[in-house]
1. In percent, what relative contact order does segment 387-443 have, based on Cα pairs under 8 Å that are 6 or more apart in sequence?
2. Show that you can apply the helix-only estimate: for the chain, add -39,500 (n - 2.57) for every DSSP H stretch of four or more residues, divide by all residues, and state [θ] at 222 nm to the nearest 500.
3. Want the number for Lys285 to Leu724: 0.36 nm per residue separation, take away the alpha-carbon distance, what's left?
4. Just check the chain against the gyration tensor rule for me: Cα atoms, a ≥ b ≥ c as the square roots of the eigenvalues, rounded for a/c under 1.5, and otherwise prolate or oblate depending on whether a/b exceeds b/c.
5. Rounded to the nearest 10 degrees, what's the angle between the helix 74-86 long axis and the longest principal axis of the chain, both from Cα atoms, 0 to 90?
6. Would you please give the residues with an amide H less than 5 Å from that of Ser520, counting only those at least 5 places away or on a separate chain, with H modeled from the backbone geometry?
7. How large, in percent, is the carbon and sulfur part of the accessible surface of the chain at a probe radius of 1.4 Å?
8. How would segment 126-200 be classified by its alpha-carbon gyration tensor: rounded, prolate or oblate, with rounded meaning a/c under 1.5 and the a/b versus b/c comparison settling the rest?
Amino acid sequence: AEASQGHISVVLLGATGDLAKKYLWQGLFQLYMDQVSSGHSFTFHGAALTALEPGQRLMFDVLKKLACPPDESPDRCAVLKDQFLKLSQYHQLKTAENYTALNREIKTLLRQEGLKEAGRIFYFSVPPFAYTEIAHHINSSCRPPPGAWLRVVLEKPFGHDLESAQQLAAELTSFFREEEMYRVDHYLGKHAVAHILPFRDQNRQFLDPIWNRHHVERGEIVLKELKVGRISFYEQYGVIRDVLQNHLTEALMFLTMELPGNVSRAEEVLQCKLQAFQSLRGLQKTSAVLGQYQAYASQVQEELQKAQDYISTTPTFAGVLIHSDNLRWEGVPFLLTSGKALDERVGYVRVLFKNRAYCTQSETLRDAGHSQCKAKQIIFYIGHGALNTPAVLVSRNLFRPVMPEDSWKEAVGQSDMHVFGQPLSDYYVYSPVKERDAYSVLISNIYHARKDFFITTENLLASWGFWTPLLESISHQPLRLYPGGVENQHLLDFEMVSGEVAFTVAEPVELMIQAKFRQSPLVSAWSEDLISQLASDIEETASRTVARSGQFHLALSGGSSPVVLFQRLARHHYAFPWRHTHIWLVDERCVPLTDTESNFFSLHNHLLQSVRVPYFSVHPMPVHLNQRLCVEEDRGTELYAKEIMALVVNASFDLVLLGVGTDGHTASLFPQSKSGLEGAQAVVLTESPVKPHQRMSLSLPLINKARQVFVLVLGKGKHDITTLLSRVGHQPRKWPVSGVSPSSGQLVWYVDYEALLG
């Protein structure tokens with residue numbers, strides 16, 4: 001007792017659960033073996049809701065099976081295991097009284113042994129819905145006395161999205177201080193992942209010149225798996241929440257964050273990691289490809305007893321393209337990929353460098369160390385796969401890395417195995433001197449208060465803030481079905497095009513419904529396919545018109561629906577005859593053109609700045625004249641009408657793109673509009689029921705003079721108005737879009753499945 005640095009009580013909640021049985025008790029035993037001579041004394045308290053006798057029996061069945069590392073002598077192992085069992089006891093922790101009793105037991109033990117309390121570790125191996133109640137009990141009845149520390153360890157999931165994570169964080173911070181909470185991501189305890197930062201630090205002299213956008217071609221962070229474990233958990237969360245938002249994102253941060261001056265200082269590491277989060281560019285729907293293996297739906301129906309017609313929209317595969325907007329990584333793609341029922345179980349973090357060399361002589365004449373034409377890469381191999389062990393691989397034509405000899409050893413006598421298309425002999429290969437389970441590493445880090453191996457509240461919310469918009473945007477996105485295993489062939493291969501990702505092999509097309517809607521042609525599909533078809537149809541119309549008359553007059557609507565179309569046209573339609581195209585606006589909000597509310601501002605951001613339309617062929621609406629907005633005396637409507645008459649033959653646009661509001665408005669022609677629904681005026685000022693109220697719009701008679709009118713309707717929010725429009729006749733005063741009927745042109749409706757079918 002006199003020599004003791006103090007006593008540590010470890011309380012494992014959920015002590016008889018799966019995680020505790022498989023990893024946590026072994027990790028606590030490893031901690032005891034490592035620290036038995038450190039000066040601290042320990043007791044281990046297993047706790048669960050199970051009553052005392054059955055709980056005790058279950059827990060000690062697990063403890064009896066604990067193993068020592070291979071390098072531990074059998075005699076010492078037996079002694080340490082016996083001591084560990086004597087220091088371990090079971091408690092039923094269910095009520096406030098149970099926690100008070102546990103606190104009393106710890107104090108009594110300390111008093112009897114004459115020990116000073118160093119601190120308490122509470123490990124929450126329980127579902128997150130139980131966190132708040134347990135936290136309340138610990139805070140009110142089981143905190144250590146002043147001068148001793150408290151460490152509370154929390155297991156994922158930490159929420160389901162940003163809002164739920166914020167709520168859980170707020171509840172926990174009402175009971176614990178930030179420095180008392182240790183959120184576990186067990187990937188941070190895996191050898192290869194944990195060594196990314198130390199590797200970068202120890203090899204600064206080699207990496208400083210090349211760890212940037214000028215030299216790195218791309219990064220890949222991959223976790224491939226064979227089976228789905230807990231279907232009940234997985235069906236709620238899916239692959240992005242289960243793996244990408246946490247494990248793979250953490251590895252990405254280690255790659256992209258700026259190196260702190262001292263990688264051993266937790267505060268510096270966490271600050272640099274947060275800055276890396278803040279540099280990430282927001283994700284779009286087109287940043288991800290998603291899949292689901294074919295047997296998954298029937299597994300869900302069977303295990304969760306769902307009805308035969310139950311359709312699961314949970315992705316079991318995802319490939320996501322991420323960019324960082326800081327100067328170091330600008331333009332470098334980082335691919336995060338994970339899935340179940342794939343061809344192998346493997347995890348790795350791979351940095352592929354650009355190769356500018358051309359080698360005149362045959363490669364067979366050169367050894368790997370001197371051939372600048374061979375691929376240059378650094379791979380942090382997490383485990384499983386061909387190597388079946390954690391490893392760090394560095395191409396010999398890059399540099400010989402500095403590796404800490406006490407923890408990593410160079411592999412010698414390398415086999416003829418190939419990794420990423422190259423023989424193992426092309427790499428410097430290092431494996432751990434002593435393999436340790438990730439949980440043993442993390443439990444040791446909790447003991448040493450190494451907060452940089454855990455997820456802070458700030459970093460957690462930054463991660464959810466990054467992923468939640470993507471999760472919301474893909475919640476109804478169709479999933480690519482794949483058979484599983486080696487039969488997947490090329491079905492899940494995907495490629496990067498203009499900042500987006502798409503599967504390289506097209507799915508068999510059974511997606512387009514072509515029918516009639518309001519006596520006009522209807523094209524319907526999932527939104528992504530519908531936009532692709534619409535963009536192709538616009539390009540085809542433009543090319544045909546330019547071939548016939550030399551120019552193409554296109555009038556585009558504002559609002560949110562066309563944004564994805566603009567992006568598609570900008571990134572995928574390089575043959576579009578932009579040089580011969582005049583861009584007009586169907587409607588505009590009465591705000592300056594530089595205002596984010598302006599339709600022209602959106603059109604410029606998402607399309608015009610990416611394509612080569614001649615400056616004098618872009619025709620914004622003149623809403624801002626004489627330093628005033630939409631004042632009748634300024635005659636902006638007349639100016640625009642005159643410009644149309646002067647440039648557009650017969651004032652008949654080649655193509656007008658319209659949208660539909662939930663109230664049936666189109667362009668900025670609203671129900672009961674005083675002007676624009678009839679009469680001779682070509683351009684009118686109107687009033688919107690929502691801000692900004694003042695608008696300028698093409699009139700219905702002018703729209704109906706167009707050669708072609710395409711109406712785009714997207715999203716479940718438009719289902720009711722779509723259904724209504726399918727039943728009503730020509731009533732433009734009630735539903736202005738019902739008045740769209742080109743007098744000598746063609747009307748085509750483009751309606752996605754959500755709007756059409758709900």
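The values are calculated or read from the model by the stated rules, or taken from the named source; none is laboratory data. It should be emphasised that the depicted structure is a prediction, and the values quoted were computed from it without experimental measurement. Here the Cβ is made from the backbone with ideal geometry for all residues, glycine too, and neighbour counts use every protein chain on show. Heads up: the accessible areas ignore ligands, DNA and RNA and are worked out on the full protein's heavy atoms, side chains in. Shrake-Rupley method; radii C 1.70, N 1.55, O 1.52, S 1.80 Å.
1. Working: 58 pairs, mean separation 24.6, N = 57.
Across segment 387-443, relative contact order equals 43 percent.
2. -9000 deg cm²/dmol
3. Values: separation 439, 0.36 × 439 = 158.04 nm, distance 2.88 nm.
Value of the extension gain: 155.2 nm.
4. prolate
5. The angle comes out near 80 degrees.
6. Under 5 Å from the amide H of Ser520: no residue qualifies.
7. 51 percent
8. Since a/c reaches 1.5 but b/c is at least a/b, the shape of segment 126-200 is classed as oblate.
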